[in-house]
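The values are calculated or read from the model by the stated rules, or taken from the named source; none is laboratory data. Quantities reported herein were computed from a predicted structural model and do not represent experimental measurements. Reconstructed Cβ throughout: ideal geometry from the backbone, glycine too, with neighbour counts over all protein chains shown. Side chains are part of the model used for accessible areas, which takes the heavy atoms of the whole protein and leaves out ligands, DNA and RNA. Shrake-Rupley method; radii C 1.70, N 1.55, O 1.52, S 1.80 Å.
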Amino acid sequence: GAVVSQHPSRVICKSGTSVKIECRSLDFQATTMFWYRQFPKQSLMLMATSNEGSKATYEQGVEKDKFLINHASLTLSTLTVTSAHPEDSSFYICSALGLGLSDTQYFGPGTRLTVL
Amino acid sequence: QQPVQSPQAVILREGEDAVINCSSSKALYSVHWYRQKHGEAPVFLMILLKGGEQKGHDKISASFNEKKQQSSLYLTASQLSYSGTYFCGTERGSGNTPLVFGKGTRLSVIA
């Protein structure tokens, strides 16, 4: 149990385009999902906290107008990188906090974004 | 406040033991341990919630000293599959709070 999926797993796009990444909890409901970004050989850095039915909470330094987060249901959160630039190239990982799953965060497999 | 992990990297031969430490300058509600293999997402190992709590998972165990604001991950009789980067994540408070991850400890187990 406690499986989180992400789609797509890998995406390459041109500079200036927008990319949407989906994060789904497959077998549990997640009122809260977190979005992290990881650059090569670095740690995971929290970008935002996504709560179902409300606006996301962004970490300091993360542009909310550039990284749009929508948590439309208890099993789906989306991250849209708008007007992507090469410096946005990174590994984007979501995690989901399940109802009644003892504070454990389950991570999705990640999405590798490359902006040309 | 990002927790501090040590060592940054360690190389072991199969069967050897290792300890990875995670410490924080702020009070901790819980400590979460994950292992990440190259190009993959982190995989949950265990969570420690109470001061002085210890847990075990196969030959991997961990302790959490709430007073000292630190946790240690113990890998016993390491296997090749243990290779990866280990991250500790700490919670800033109780409830639905995100994790703040340390910089990671790169573990390489060689035959």
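The amide H of A:Thr75, built 1.01 Å from its N in the peptide plane, has A:Ala30 as neighbours under 5 Å, considering only residues 5 or more places off or on other chains.
Result for chain A in a Gaussian network model with C-alpha springs under 10 Å: among A:Gln38, A:Gln60, A:Gln105, the largest mean-square fluctuation is at A:Gln60.
Enter the mean number of other protein chain beta carbons within 10 Å of the beta carbon of each residue in B:29-40, as an integer.
Neighbouring Cβ atoms belonging to other protein chains average 2 per residue here.
A simple charge model with +1 on the Cβ of Lys and Arg, -1 on the Cβ of Asp and Glu and nothing else charged puts the dipole of segment A:1-89 at about 180 debye relative to its Cα centre.
Within segment B:5-84, the GluC sites (Glu not before Pro) that combine a DSSP coil assignment with at most 15 other C-beta atoms in a 10 angstrom radius are B:Glu14, B:Glu16, B:Glu40.
Computed about its Cα centre, the charge dipole of the protein assembly as shown is approximately 300 debye, with only Lys, Arg, Asp and Glu carrying charge at their Cβ. For chain A, the cysteines with no partner cysteine C-beta closer than 4.7 Å are A:Cys13.
With a Cα-only, solvent-free Debye model of segment B:1-81, what are the log10 I(q)/I(0) values at q = 0.14, 0.18, 0.21, 0.27 Å⁻¹? One equal scatterer on each Cα of segment B:1-81 leads to -0.48, -0.78, -1.04, -1.43. Under 5 Å between amide hydrogens, built in the peptide plane, is the criterion, and for A:Cys94 it picks out A:Tyr36, A:Gly108, A:Gly110 among residues at least 5 positions away or on other chains. With a point put 7 Å past each Cα toward its Cβ, work out how far A:Leu26 is from B:Val19 in nm, to one decimal. About 3.9 nm separates the two model spin labels. With N counted as the residues of chain A, its alpha-carbon radius of gyration over 2.2 N^0.38 Å works out to 1.00. Counting only other chain Cβ atoms within 10 Å of each residue's Cβ, the peptide A:33-46 averages 4.
In order along segment A:29-46, the Karplus-derived 3J(HN,Hα) couplings, from 6.51 cos²θ - 1.76 cosθ + 1.60 at θ = phi - 60°, round to 9, 10, 6, 10, 10, 10, 10, 10, 10, 9, 8, x, 6, 10, 7, 7, 10, 5 Hz, and Gly and Pro are given as x.
Put a dot 7 Å past the Cα of A:Lys66, heading toward its Cβ, do the same for B:Ala9, and the two dots end up 3.0 nm apart.
Given a 1.4 Å probe and no ligands, DNA or RNA in the count, how much accessible surface is buried by B and A, both sides, to the nearest 100 Å²? It comes to approximately 1600 Å² buried between B and A.
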